[in-house]
Amino acid sequence: MKLRKSLSVFSLALGGVLAFWLNRPDAVLDLTPDDAVRRQQLEQELETLRPKGTYVLIDTGANRLYLMKNDQVVVDAVCSTGSGRRLKAGDRSWTFATPRGVFSIRGKAADPVWRRPDWAFLEEGKPVPEQEWERFERGVLGEYALDIGNGYFIHGTLYKRLLGQNVTHGCIRLGSDDLVRLAKTVRLGTKVYIF
């Protein structure tokens with residue numbers, strides 16, 4: 001069951017429409033010889049796209065994170081992803097969405113310190129501090145922060161009751177146990193597929 005679930009999640013991440021068509025019961029009916037050959041070619045192409053080894057899948061619609069190892073689900077976690085909300089302050093604006101695509105773990109920090117960006121102050125109606133040291137905050141990102149690039153991280157949360165909801169500013173938030181297990185399993189360079 002878990003393998004079937006992981007394969008369907010993977011198929012969505014790498015082109016669910018094609019995988020859906022290939023796996024439809026009626027897709028095998030009334031195939032001409034050319035259709036059957038093309039189907040086999042497409043199945044082979046799809047197989048070459050399937051990640052090998054350890055990788056992470058993040059489903060932003062269902063707010064689920066899957067840690068995969070050789071097509072087996074190792075961690076099936078509830079997460080929180082971007083709200084899609086927009087903040088406008090003067091001539092500046094931010095959209096708080098989790099990016100989609102293929103990323104990789106670029107860095108891992110234990111007991112991370114958050115450097116609050118301008119939007120974090122403006123969102124609270126506070127002035128942006130002039131002193132750099134006023135931006136740093138401990139204890140809000142959980143035990144680990146896994147850098148996936150462009151200022152986005154997989155990290156912990158103080159708001160565990162909001163896990164499973166689209167409430168973040170774009171980062172992926174996890175509960176403590178799932179975050180620790182993920183951080184101890186993935187290595188730098190591990191692929192992260194977000195859809």
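Below is a table of values for the structure above.
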{"quantity": "The stretch 89-195: relative contact order in percent, alpha carbon pairs under 8 Å with at least 6 residues between", "calculated": "37"}
{"quantity": "Heavy-atom surface of the stretch 32-178, accessible at 1.4 Å and reported per residue (Å²)", "calculated": "55"}
{"quantity": "Solvent-accessible ranking of Thr60, Thr54, largest area first, probe 1.4 Å", "calculated": "Thr54, Thr60"}
{"quantity": "J(HN,Hα) series, the stretch 145-155, from Karplus relation 6.51 cos²θ - 1.76 cosθ + 1.60, nearest Hz, glycine and proline x", "calculated": "10, 9, 7, 10, x, 6, x, 9, 9, 9, 8"}
{"quantity": "Summed residue charge, Cβ within 10 Å of Tyr55's Cβ, Lys/Arg positive, Asp/Glu negative", "calculated": "+3"}
{"quantity": "Of the trypsin sites (Lys or Arg not before Pro) in the stretch 108-195, those whose Cβ has at most 15 other Cβ within 10 Å and which sit in DSSP loop", "calculated": "Arg187"}
{"quantity": "Potential lengthening between Glu45 and Thr32 on full extension [0.36 nm per residue; Cα-Cα distance subtracted]", "calculated": "2.7 nm"}
{"quantity": "The stretch 36-139: GluC sites (Glu not before Pro) in DSSP loop, at most 16 other beta carbons within 10 Å", "calculated": "Glu124, Glu130"}
{"quantity": "Surrounding net charge for Ser176, when Lys and Arg each add one and Asp and Glu each subtract one, Cβ distance under 14 Å", "calculated": "+1"}
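The values are calculated or read from the model by the stated rules, or taken from the named source; none is laboratory data. Owing to the predicted nature of the structure, the values given are computational and were not obtained by experimental measurement. All Cβ positions, even for glycine, are placed from backbone atoms using ideal geometry, and neighbour counts span all protein chains on display. Heads up: the accessible areas ignore ligands, DNA and RNA and are worked out on the full protein's heavy atoms, side chains in. Shrake-Rupley method; radii C 1.70, N 1.55, O 1.52, S 1.80 Å.
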